[in-house]
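Okay, structure first, notes after.
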Amino acid sequence: MVNKAQLYWLLQIGGWALYAVVQIVGAIALGNGAISNQRIIFLSYEAFFCFLITHWFRTYINNNRWLSWSMSKLIPRLLVTVWLLGVVMYFLRIPVSLPLGLFNKAVIFDPKNILGLSSVYAFFFFLWSVFYFIYNYFERYNKSLKLEASVKEIELSNLKSQLNPHFIFNALNSIRALVDENPEKSKQAINQLSNILRNSLVTEKRGLTKFGDELKVVRDYLGLESIRFEERLKTEFDIDPASKNFLVPPLMIQTLVENGVKHGISKLTEGGIVHLRTKVEKGKLKIQIRNSGHYHVNGHKKRAGLGLVNTSQRLKLLYGSEAHFAINNEKDNFVLTEIIIPHLHNS
């Protein structure tokens with residue numbers, strides 16, 4: 001793959017070589033098919049001088065950090081500079097014309113010729129500058145996008161590294177309570193935890209996971225909690241078949257279900273229900289988690305656990321403003337957690 005330096009030299013050499021060829025072909029056409037060797041040499045030197053001037057100009061631009069200037073500051077200086085370079089280019093031709101026998105004092109020092117040809121060279125240098133600045137601006141823009149993506153990747157990894165220990169700690173506590181009183185159920189719980197951890201290890205390498213895989217994690221998690229809560233925890237699922245076409249952040253739904261169990265149902269003596277419902281509408285996946293309990297509000301600040309905070313941050317990093325996340329109290333002592341995400345391909 002061609003790097004930036006190689007691309008510059010390729011375009012710089014190729015561009016001015018093409019300029020020389022066009023000049024020579026144009027001279028041949030104007031001369032009805034005839035052109036002297038001296039004229040060909042002169043036009044070749046002209047292209048070479050243009051090559052040298054623009055290469056020096058590139059160095060000058062970079063050394064003085066013109067690429068970081070605002071347009072209001074850059075454009076006036078650029079116009080003045082390319083005009084001066086056009087004048088320099090015009091007078092650089094004179095020493096070459098002398099040994100080739102093309103020197104004509106009356107023509108060369110005619111103010112109209114100086115102004116006219118200097119303007120032509122200035123125009124070519126301006127075009128060169130436009131291409132150079134556009135290329136560098138686009139390259140910087142792409143670098144900023146890559147940097148932003150890298151930062152998001154790091155932040156997402158940090159968030160997932162916080163979520164996994166949090167989940168494992170709670171799951172192990174559930175299993176520990178079962179070991180003595182019901183070994184068979186503890187074995188079942190260990191198998192369910194093993195399935196969750198295996199899935200977590202795989203999805204840790206990806207930014208997104210299939211909805212179906214995430215649903216299996218949720219079912220295994222609720223299976224673990226159902227053993228611990230027994231009749232106090234009831235679960236219901238209403239899954240839109242089209243949900244399988246979507247990708248979701250790993251352990252996101254499980255984290256929200258866990259939040260409902262931990263902060264809702266576990267606080268109720270009689271227990272409660274966790275109802276997971278999904279619906280695909282207008283190309284977006286709506287995920288609703290209803291759980292018994294109450295979402296507390298103190299001083300207009302909602303108490304959100306680590307899972308809720310991380311869920312909000314992950315959605316913002318992955319989807320920006322296209323995702324929706326809300327958690328609110330409903331009538332009859334229920335809490336509704338709702339997420340709406342767009343269709344997004346895995347990377």
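Just so it is clear, none of the values below were taken in a lab; they were calculated from the coordinates. Computed from a prediction, not measured in an experiment: that's the story for all the values here. Methodologically, a virtual Cβ is constructed for each residue, glycine included, from the backbone with ideal geometry; neighbour enumeration extends over all protein chains shown.
Some notes on this structure:
- Note, ³J(HN,Hα) from phi for the stretch 208-214, Karplus 6.51, -1.76, 1.60, rounded to Hz, x at Gly and Pro: 9, 9, 5, 4, x, 5, 5
- Positive-end ranking of Val87, Asn64, Ile114 along the dipole of the stretch 40-126, with charges on Cβ about the Cα centre, is headed by Asn64.
- At most 10 other Cβ within 10 Å, DSSP loop - trypsin sites (Lys or Arg not before Pro), the stretch 21-79: Arg65
- Sequence of Glu322, Glu184 once ranked by neighbouring C-beta atoms within 10 Å, starting from the fewest: Glu184, Glu322
- When Glu258, Glu46, Glu270 are sorted by how many other C-beta atoms sit within 10 angstrom of their C-beta, beginning with the fewest, the order is Glu270, Glu46, Glu258.
- Derived scalar couplings ³J(HN,Hα) [the stretch 239-256; Karplus, 6.51 cos²θ - 1.76 cosθ + 1.60; whole Hz; x for Gly, Pro]: 9, 6, x, 5, 4, 5, 7, 9, 10, 10, x, x, 6, 5, 5, 4, 5, 6
- The ranking of Trp56, Trp66, Trp16 from fewest to most other beta carbons within 10 Å of each one's beta carbon is Trp56, Trp66, Trp16.
- Given charges at beta-carbon only (K, R positive; D, E negative), |dipole| of the stretch 57-118 in Debye: 200
- Other residues lying with their Cβ under 14 Å from the Cβ of Lys279 contribute a combined charge of +2, Lys and Arg counting +1, Asp and Glu -1.
- Each residue of the stretch 130-136 was assigned a 3J(HN,Hα) from its phi angle through the Karplus expression (A = 6.51, B = -1.76, C = 1.60, θ = phi - 60°), giving 4, 4, 5, 5, 4, 4, 5 Hz with x at Gly and Pro.
- Annotation: amide H of Phe246 within the under-5 Å range of Phe211, sequence separation 5 or more or interchain, hydrogens built in the peptide plane.
- Euclidean distance of C-alpha centroids, the stretch 227-288 and the stretch 68-138, integer Å: 69
- Amide H partners (placed H, <5 Å) of Gly293, local residues excluded: Phe334, Val335
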